[in-house]
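Report on the structure given below.
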Amino acid sequence: MPTALATIDLADIVEELTGERDQLTARIDRLVADMDISNFQMSDQGDQSHFAIERDQSGGLLTAARNRLTDVERALDRIDNGTYGTCTTCHTTIPLERLEFRPTLDRCVDCAQKAAA
């Protein structure tokens, strides 16, 4: 029985995910550098408050970028080990439309809904 992956060009997905991984890595590096710069002591209390707010915002962006990078790397690992397109919970085939929409997904709709509940 053909799977959803029979009609997906894995090379295109790998290219897309690899590009995203490279962009995320660069973004993480920039955010870390920006946070390091904002750790300098400011003499003015207004400057300190401003940089503290920016550091908090950058911290949130950094966490989101790291989480997304983890998702991308896990998808690439699943491609490498031949489990891409299979639900990691129930082991059924993930529908093609779902993978086209979000190539990093690792669960079918039913399992994702159960996990979110």
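The values are calculated or read from the model by the stated rules, or taken from the named source; none is laboratory data. None of these values were measured; they are calculated from a predicted model. Here the Cβ positions follow ideal geometry from the backbone for every residue, glycine too, while neighbour counts run over all protein chains shown.
Pairs linking a residue in the stretch 57-83 that is closer than 22 Å to residue 100 by Cβ and basic (Lys, Arg) to a residue that is at pLDDT 95 or above and assigned to a helix (DSSP H, G or I), with Cβ atoms under 7 Å and 6 or more positions apart or on different chains, are 68/24.
Scanning the stretch 75-114 for residues that are touching a helix residue (DSSP H, G or I) at 6+ places or on another chain (Cβ under 8 Å), within 20 Å of residue 14 (Cβ to Cβ) and among the basic types (Lys, Arg) returns a single hit, 98. The residue that is nearest to residue 25 (Cα to Cα), counting only those in the stretch 75-89 that are of a type outside the set (A, V, I, L, M) and in contact with a Ser or Thr (Cβ under 7 Å, 6 or more places away or on another chain), is 85.
Sub-7 Å Cβ pairs linking a first residue in the stretch 101-114 that is within 13 Å of residue 17 (Cα to Cα) to a second residue that is β-branched (Val, Ile, Thr), at least 6 apart or interchain, are 103/13; 104/72; 105/94, ordered by first then second residue.
Restricted to the stretch 89-100, and to residues there that are in a loop (DSSP other than H, G, I, E, B) and within 19 Å of residue 17 (Cα to Cα), the residue that is modelled with the highest pLDDT is 94. Within the stretch 49-63, none of the residues are of a type in the set (Phe, Trp, Tyr), touching a Lys or Arg at 6+ places or on another chain (Cβ under 7 Å) and buried (at least 17 other Cβ atoms within 10 Å of the Cβ). Closer than 17 Å to residue 11 by Cα, small (Gly, Ala, Ser) and modelled with pLDDT under 95, is that true of residue 46? The answer is no for residue 46. Residue-level check: of (1) farther than 28 Å from residue 32 by Cβ; (2) in a helix (DSSP H, G or I); (3) among the charged types (D, E, K, R), residue 107 misses just (2).
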